[in-house]
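Asker: Take this structure, written in structure tokens, and hold onto it; I'll ask about it next.
The values are calculated or read from the model by the stated rules, or taken from the named source; none is laboratory data. Since we're looking at a predicted model, the values are computed, not measured. Positions of Cβ are generated from backbone atoms using ideal geometry, with glycine treated the same way; all protein chains shown enter the neighbour counts. With ligands, DNA and RNA removed, areas are computed over all heavy atoms of the protein, side chains included. Shrake-Rupley method; radii C 1.70, N 1.55, O 1.52, S 1.80 Å.
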Amino acid sequence: MFQLKPISRESVPGALEKAERYRLLNEPWQTESICSDILDADPGNVKAVITLLLAITDQFDTSSMGDVKNAKRLLSSIPDGYEREYYSGIICERKGKSFLSISRQESDFIAYEWLRDAMDHYERAEAIRPPGNDDTILRWNTCVRLITHHNLAPRREEYIEPPLE
């Protein structure tokens with residue numbers, strides 16, 4: 001029906017600024033659209049990949065698990081190991097936080113599991129972080145505070161003795 005119009009490579013820096021601005025205005029769908037256009041014009045643009053990943057995670061409160069897969073798929077386009085671990089943590093942290101607003105059975109346990117996964121990613125990133133960069137520590141501490149504030153705990157698995165035959 002309609003065909004998308006490509007943007008020029010020369011317009012990528014300005015388009016990236018617009019994507020970041022729309023993200024700050026809480027318009028993640030617009031950000032996703034712009035980042036998709038940027039990546040069509042410049043497939044290796046890591047900044048566009050990260051902005052797209054963040055725009056997807058901005059929508060976790062209203063999205064499906066498929067969006068987690070889309071965000072995780074983008075991680076392979078991030079060449080730096082530190083950033084890959086850091087943004088893996090962001091994905092898990094934001095998905096965990098999205099479960100805190102759901103009032104259904106098991107949501108607290110699920111939130112805890114996502115936040116613990118985030119903390120694991122942040123610890124791996126912390127081990128290889130650039131000097132003077134404590135972002136992973138700040139994020140790890142945020143997860144701890146969320147777990148503490150919401151009294152989250154791991155799921156208790158009860159062992160049930162199988163009946164004798």
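Asker: Just how many pairs of Lys in the chain have C-alpha atoms closer than 16 Å, counting pairs that are eight or more places apart or on different chains?
Answerer: For the chain, qualifying lysine pairs total 4.
Asker: What angle, in degrees between 0 and 90 and rounded to the nearest 10, separates the Cα long axis of helix 81-100 from the longest principal axis of the Cα atoms of the chain?
Answerer: Taking the Cα atoms of the chain, the angle to 81-100 is about 60 degrees.
Asker: Continuing with this model, one more query. Quick query: amide H of Leu152 versus all other amide H atoms, modeled in the peptide plane; which residues come in under 5 Å with a sequence gap of 5 or more or a different chain?
Answerer: none
Asker: Still on this structure, I have one more. How charged is the neighbourhood of Ala71? Take every other residue with its Cβ under 15 Å from the Cβ of Ala71, and add Lys/Arg as +1 and Asp/Glu as -1.
Answerer: Its environment carries a net charge of 0.
Asker: Right, something else. Go through Pro154, Ala127, Thr142 and say which Cα lies farthest out towards the positive end of the charge dipole of the stretch 122-162; charges sit on Cβ, +1 for Lys and Arg, -1 for Asp and Glu.
Answerer: Positive-most Cα among the choices belongs to Thr142.
Asker: Here's a follow-up. What angle, in degrees between 0 and 90 and rounded to the nearest 10, separates the Cα long axis of helix 135-149 from the longest principal axis of the Cα atoms of the chain?
Answerer: Relative to the chain, helix 135-149 is tipped by roughly 40 degrees.
Asker: Could you work out how far the C-alpha centroid of the stretch 43-86 sits from that of the stretch 1-33, in angstrom?
Answerer: The two parts, judged by their Cα centres, are 16 Å apart.
Asker: Right, something else. So with the 1.4 Å probe, I'd like the accessible area per residue for the stretch 65-107, rounded to whole Å².
Answerer: 51 Å²
Asker: Then there's this: Considering amide H positions built from the backbone, and no H for Pro or chain starts, which residues 5 or more places from Ile102, or on another chain, come under 5 Å of its amide H?
Answerer: none
Asker: In addition: Could you work out the relative contact order of the chain? I mean the mean sequence separation of Cα pairs under 8 Å and 6+ apart, divided by the number of residues, in percent.
Answerer: For the chain, the relative contact order is 15 percent.
Asker: First compute the accessible area of the chain with a 1.4 Å probe, then give the percent of it belonging to carbon and sulfur atoms.
Answerer: About 51 percent, which is the carbon plus sulfur part of the accessible surface.
Asker: Note the listed values (1) 1.34; (2) 1.24; (3) 1.00, then indicate which one is Cα Rg over 2.2 N^0.38 Å calculated from this particular structure.
Answerer: (2)
Asker: Could you please tell me the mean projected area of the C-alpha convex hull for the stretch 101-151, averaged over all directions and given in square nanometres to one decimal?
Answerer: 3.6 nm²
Asker: Which of Trp140, Trp114, Trp29 moves most in a GNM of the chain, Cα contacts under 10 Å?
Answerer: Trp29
Asker: Could you pull out the GluC sites (Glu not before Pro) across the stretch 100-146 that fall in loop regions by DSSP (anything but H, G, I, E, B) with no more than 16 other Cβ atoms inside 10 Å?
Answerer: Answer in residue order: Glu106.
Asker: Nearest 20 debye, what's the magnitude of the dipole of the stretch 1-50 about its Cα centre given +1 on Lys and Arg Cβ and -1 on Asp and Glu Cβ?
Answerer: Here the stretch 1-50 has a charge dipole of around 40 debye.
Asker: Please report, in debye to the nearest 20, how large the charge dipole of the chain is about its Cα centre when each Lys and Arg carries +1 at its beta carbon and each Asp and Glu carries -1 there.
Answerer: Working: 21 positive and 28 negative charges, 84 e Å.
So the magnitude is around 400 debye.
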